[in-house]
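Heads up: the structure comes next, in structure tokens.
Bear in mind that the values in this text are calculations on the coordinates, not laboratory data. Not measured: the values here are computed from a predicted model. Reconstructed Cβ throughout: ideal geometry from the backbone, glycine too, with neighbour counts over all protein chains shown.
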Amino acid sequence: MRSFKKMFVGMTAAAIAASCMSINAFAATKLTDVVHPDENDATMNDAYYAIGAMGFFMNNDGKWHWNNGDWCTWKTENNDGTITIEYKISKVLADTTMSDKGSLGEMGVMFANLDKAFEAAGVDVEAQYPLSVEVLDARFVAEDGTETTFNDLLSITEMPHDPEGDIRFHIRSTDRVDETTGEVIAAATPEVEGWDQEGGFNGGTLYMTIGLGAPAAAGEETSSAAGDDSSKKADDSSKKADDSSAKADDTSKKDAGTTTTTTTGAGGGGSLASDNTAKAEQPETGAAEGLIFAGVALAAAGIVITKRK
């Protein structure tokens, strides 16, 4: 019997742990659910259109000189939520010795002003990551015409917050490792293996198109706006339920001739649910709820273990 109790406690603890992990799992943030064009909000509008990106390149020569391409912003012809980078890395830039011994330290795409846009939206910056992305094009065409498709990058669907801010797509032939902790900061891209060697890289053009979510078309609501509308409807339903509750109380008073205690019931619950729906766009709220559930679960685990003793 004692062994059965031990097994039960173990199974219960495992189930609680699994439930806690599922509670704290969040999907990647869609940018336009938080930051989106809004003609009625100049700050939000400016924050969205200030987001941009540029290609960058560094030699593997021990000096790691930073070189970057042109500043690219949202495609304005159809405003589909994508940014396209075309960055030409000349043979001269790649080969600092001018002797056909070019080598790749790192190249890629750096986004900027994402963090500032989140700040303008009044949300916790760190809580917005990972950010939902779609890589539509990722390839490099060398000066001799050889084309390399970065399938590794094309498979990316979400990006974490880069240690240097916003998000960055790193294209490297070797892992970049933190010398102190040994943690991999930027993983190697398999398609460029060997490009860090002398003569392994002699310039070319990097092409990348990244989507961060198309903003709503004119006359349409964003997911955020739709959520606010749902919140308003829920609040209306709550008010109606409260009115019904009040009428029921009045009827009760007239019939019984006594004073009754009002119970909020569905009306109050509906209002609370609508408030949580409106706040659900901010992951930190979900995180707080996760901690509450986790605390309850751990308390439950403590009860089970106490009973065993």
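Values for this structure:
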quantity: Förster-model FRET efficiency, 22 Å R0, residue 177 and residue 144, C-beta, rounded to 0.05; calculated: 0.10
quantity: Region 31-211 - charge dipole about Cα centre, Lys and Arg +1 at Cβ, Asp and Glu -1, debye rounded to 20; calculated: 520 debye
quantity: Segment residue 96-residue 151, extension gain: residue separation times 0.36 nm, minus the distance between their alpha carbons; calculated: 16.9 nm
quantity: Separation of the residue 214 and residue 41 label points, Cα + 7 Å toward Cβ, nm; calculated: 2.2 nm
quantity: When each of 75/101; 75/116; 63/91; 30/75 is checked by Cα-Cα distance, pairs over 25 Å; calculated: 75/101
quantity: Cβ crowding within 10 Å averaged over residues, with 56-68, 108-120 ranked highest first; calculated: 108-120, 56-68
quantity: Amide H within-cut-off set for residue 89, under 5 Å, with H built and near neighbours excluded; calculated: 204, 205, 206
